[in-house]
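Peer 1: One structure, pasted below without further comment.
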Amino acid sequence: MEEVRSAAGTAPGVAEWQEDLSKAPISTKIVVAGGFGVGKTTLVGAVSEIEPLTTEALMTQASEETDDIAATPEKTTTTVAMDFGRITLESDLVLYLFGTPGQQRFWFMWDDLVRGAIGAVVMADTRRLEDCFPALDYFESCGYPYVVAVNHFEGTPAYEAEDVREALSVPRHVPVVIMDARERTTVLKSLLALVGHALDVTPA
C-alpha cells in the first residue's frame with residue numbers, strides 16, 4: 001500500500017531532509033566516561049531523542065566493598081555494560097552517545113566502546129575529582145580528543161571551570177565546562193564543545 005504523505009510530499013513524522021538522499025546526515029560516535037555515579041546515564045537520558053538503551057542493574061550487598069556510594073547514597077542501580085542514546089544536532093549531524101561503566105571491574109569493555117569515536121566527554125564530580133583520573137589517563141594515553149564536563153550537583157559548592165582545570169591538571173587546550181546532567185541545554189553545550197574540540201585537533 002502506498003504510504004500516506006503530507007501536502008509537502010513527506011511521510012508523516014519524517015523530516016524532509018530525511019528523504020533527501022543527497023543530504024544524508026553525517027553520523028558520529030561520542031563516548032561519555034567518568035567515575036561511578038557521576039551522572040553518565042542521566043546525561044544520555046537528558047538529550048537522547050530515542051528511548052535510551054541502558055544496562056542498569058540493581059546494586060547488591062556484593063558490591064558494598066567495591067562501589068563507594070558515600071557521595072550518592074540514593075543510588076540503587078549501576079551500569080554494567082553501557083548506555084546508548086542518539087541526538088540529531090542539525091539536519092546533517094547525528095550523534096550516537098555511548099556511556100561507559102564507571103567501576104574498575106568493567107573497564108575491560110572500554111576499548112570496544114571507544115572504537116570509532118571522535119572523542120569523549122569525561123564527567124567529573126567536584127566532591128570526588130579523583131574518580132575521573134582513570135578516564136583522563138585513558139583518553140590521554142589513547143590520543144582521543146576529550147572535554148571535561150563538571151556535573152554540578154545540588155547542595156555542593158560551585159567552582160569555576162579554571163579551578164577544576166587546575167585541580168585536575170587538564171591541559172590548556174582541553175575545554176572544561178560546567179553543566180548539569182539533568183539539563184538538556186547544558187548537556188548540548190558540552191557535546192558541542194567536544195565536537196568543536198575534535199574538529200580543531202583532528203588532522204584534516
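No value in this document is a laboratory result; all are computed from the given coordinates. Note that the coordinates shown come from a computational prediction; the quantities given were computed from them, not determined experimentally. Every residue, glycine as well, gets a Cβ built from its backbone with ideal geometry; the counts of neighbours run over all protein chains shown.
Peer 1: From the phi angles alone, apply the Karplus equation (6.51, -1.76, 1.60; θ = phi - 60°) to the range 128-134 and give each ³J(HN,Hα) in whole Hz, x where the residue is Gly or Pro.
Peer 2: Per residue, the Karplus-derived 3J(HN,Hα) values read 8, 4, 4, 5, 9, 4, x Hz.
Peer 1: Magnitude of the Cβ-charge dipole of the range 129-169, K/R +1 and D/E -1, about the Cα centre, nearest 20 debye?
Peer 2: Numbers: 1 positive and 9 negative charges, 30 e Å.
With only Lys, Arg, Asp and Glu charged at Cβ, the dipole is about 140 debye.
Peer 1: Counting only C-alpha contacts under 8 Å and six or more residues apart, can you give the relative contact order of the range 83-204 as a whole percent?
Peer 2: Numbers: 141 pairs, mean separation 25.8, N = 122.
Rounded, it is 21 percent for the range 83-204.
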